[in-house]
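Okay, so here's the structure we're looking at.
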Amino acid sequence: MKTSSTLRLVVMRELRERGRSAAYIASTIITTVLILLAILLPTLLSGSTDYSIGMVGTGNQEIVDLAIDIENTDAEPDQETQFSVTTLESVEAAEEALSSEEIDAALVNGSEILLRSASGASGDDLSGLLQYAASTLEIDRLVATAGSDADVVDILAGEPLGLRTLEGVASEENQARTVIAYGGLMLMYIAVLSYGAWTLTGVTEEKSNRVVEVLLATVKPWQLLAGKVIGIGALGLAQFVFTAVAALVTLRVAGTFDLPAFPTDSLVMLILWFLLGFAMYSLLFGAAGSLVSRMEDAQSASTPLTLVALVGFFMSFLVLDDPDGVLAIVMTYVPLTAPFVVPVRFALESISMVALIGSVVVAIGFIIGTTFLAGRVYAGGLLQFGSKLKWREALQSSDL
Amino acid sequence: MLQMQDLTKSYGDVVALDGCTFAVGPGQMLGFLGPNGSGKTTTMRAVFGLIRLDRGAVTLNGNPISPNDRLAFGYMPEQRGLYPKMKAGDQLAYLGALHGMEQAEARRAGLQLLDELGLADRAEDPVEELSFGNQQRVQLAAALVHDPSVLVLDEPFNGLDPIGAETMANVLRQRAQNGATVIFSSHQLDMVEDLCEEVAVINAGRIVMEGNVRDLKAASPHRVIEFESSNGYAAVLDQLDGVITTSFDGHRHTVIVPAELDVRQVLNRADSDSGIQHISYSTPSLSQLFKEAVA
């Protein structure tokens, strides 16, 4: 029988059996709910945020007063957002106050908002609030001077105040990119670990209930491993996309972040690296799963991998702050950390096309090498039952 | 003809197979016997290419076995295994398809087998919800769904009740009659004696006895005399010329003598004391041959 049809059968079984299992459906729902909560909670709890605004020049007071009114319109007296407003002498002083985190935003001459960074952090809510206040004032002014309806629409659609961050002019797209960088990093980490865990337990399950010996009589180990990785990858991708779309819709509806048009290239990059990252980790998780005979041992077999992912994830936060630094560049070419780092750097537009292609090539090379290595460990581990095997033992005893 | 030729395999210092050689032909059912750890499972895994042999090969009609040949093989490993949450019918259809059948054909064959094994109404149940005996039946069905021409079963009778064992025996007998090559291992030697014309006995990785059961028994240098008597007189029997061993279980004396011994001599002497009933004189049982072969 042709290799391709065997592989297809293994993939299809994985899709059918796992895709309609209660566990898959439940995990999709739970993940979605958790992500939606993560998005909605800050909005629901935003009453407790306190803001600190700096004012430079003239024409600011009116906007700030209105912003404070708007923010606290419906709030109970004890839940009002506290604003501290300071007057600063110059734009330079404002920039200094921003970088030392004394203020969250500065308003310059009633026409420009100055933020620390377009990070999607609390300064963004504040700038949205200031924009809203400024639009309201302009509309009032228009109504007073009997301006046309078209002008009102313009004001509502646009943002009357200019926006600048310490890093330069912050476009709407920039903000969206940062949101994607953060969100994508989170999703990537969750996806790699949770779908990797599916591969891990799937392999251990087949070994622990011994069905693997029946299968290996006709199926080659690499077909079994690849079929599982592809099948789980497809289900994982479906869940990943479903969750991401649900998150985006909620973001728009809830207005936690002011999400403008979406840079699709960042999304494409996220999906590409999801596939690459998943393939790397899943193959290794699969090999780890073949080392143990009991489900209880599966977690310990995969601990080293989980730690690598954890380190990659936390180091990526350093990259978020310094996307052009040495650490960022090194991690771009380390296969197991690249999935966390490259999409972030891409979203922040700090990776060159050459580096991007280089990192993809390294990742694909790693996947090919891992398929071979993990396939051998898997083949060696599958038919040795009993206590947990070491990687080296499985590699050396590969009979298939 | 399925031929095991000089199969040799060591795991570190442990020798699992040490030049194991025997053959089975189409339509034959061979009982593969041996003490625990003698190399039965390793031999069966070698048939499916699940181990890499240090030396020797398994051949089919003189040719090395290809993955394509194996599609027509059926295997029931010693450690039973099916997907617990997968429905019995789906499971058989999947395994049939992996053996190269069309999906629809595999499903039909699986359902028909379940019907033959008395499980027609359980096809839609996950395997984990079936009783142990019924799981065994599904496992047998998994080995048979693609109508294999070579059938290898590792301890198929393990854990079956007498009715289950009877069903299993009938299915195997029928497959052999239809021309399949059947090898199965077992520790239930009486069952093997009933079921198989051919046996191979392995000990410490080598075949120590092989051939037609009747011929092997006839060729044995020993005969067994059994009789009942009211008195135990093992002591008397022990002193008779030519008697090899005697035993007495409270009712029945079992005396093992050389094949050439004149049996009347034994009976004459014993008879002098008291009445003897239910005398039998026979070739040794397979069980006795087995014990001698692996001693």
To the nearest 10 degrees, how steep is helix B:132-144 against the longest Cα principal axis of chain B, on a 0 to 90 scale?
-> 70
Pseudo-spin-label distance B:His278 to A:Asn72, built 7 Å along Cα→Cβ, given in nm, is 10.6
Hull surface over four for the Cα convex hull of the protein assembly as shown, reported in nm², is 44.2
Which distance in nm do the two modelled labels at B:Ser10 and A:Ala38 give, with both placed 7 Å along the Cα-to-Cβ direction?
-> 5.6
How many angstrom separate the Cα center of the stretch B:254-269 from the Cα center of the stretch B:161-202?
-> 33
Can you pull the mean other chain C-beta count within 10 Å for peptide B:83-89?
-> 3
Using a simple charge model, +1 on the beta-carbon of Lys and Arg, -1 on the beta-carbon of Asp and Glu, nothing else, what dipole does chain B show about its Cα centre, in debye to the nearest 20?
-> 700
Peptide B:99-112 - average C-beta neighbours from other chains (10 Å radius) = 1
From phi via Karplus (6.51, -1.76, 1.60), per-residue ³J(HN,Hα) for the stretch B:99-116 in Hz, x at Gly/Pro | 8, x, 7, 5, 3, 5, 5, 4, 5, 4, 4, x, 5, 5, 5, 4, 4, 4
Once fully extended, how much extra length lies between A:Gln396 and A:Ala23, figured as 0.36 nm per residue of separation less the alpha-carbon to alpha-carbon distance?
-> 130.7 nm
State which entries of A:Lys390/B:Lys87; B:Lys9/B:Lys291; A:Lys390/B:Lys291; A:Lys207/B:Lys291 exceed 30 angstrom in Cα-Cα distance in the structure shown.
-> A:Lys390/B:Lys87; A:Lys390/B:Lys291; A:Lys207/B:Lys291
Averaged over every viewing direction, what's the projected area of the C-alpha convex hull for the stretch A:278-400? Give it in nm², one decimal, please.
-> 7.8
Please name which of B:Asn36, B:Gly19, B:Ala142 has its Cα lying farthest along the dipole of chain B towards the positive end, using unit charges on Cβ (Lys, Arg +1; Asp, Glu -1) and the Cα centre as origin.
-> B:Gly19
Pop a pseudo-label 7 angstrom from the Cα along the beta-carbon direction at both A:Thr264 and B:Arg55 and give the gap in nm to one decimal.
-> 6.7
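Coordinate-derived values only; no laboratory data. None of the values given here were measured: they were computed from a predicted structure. We place every Cβ from the backbone using ideal geometry, glycine too, and count neighbours over all the protein chains shown.
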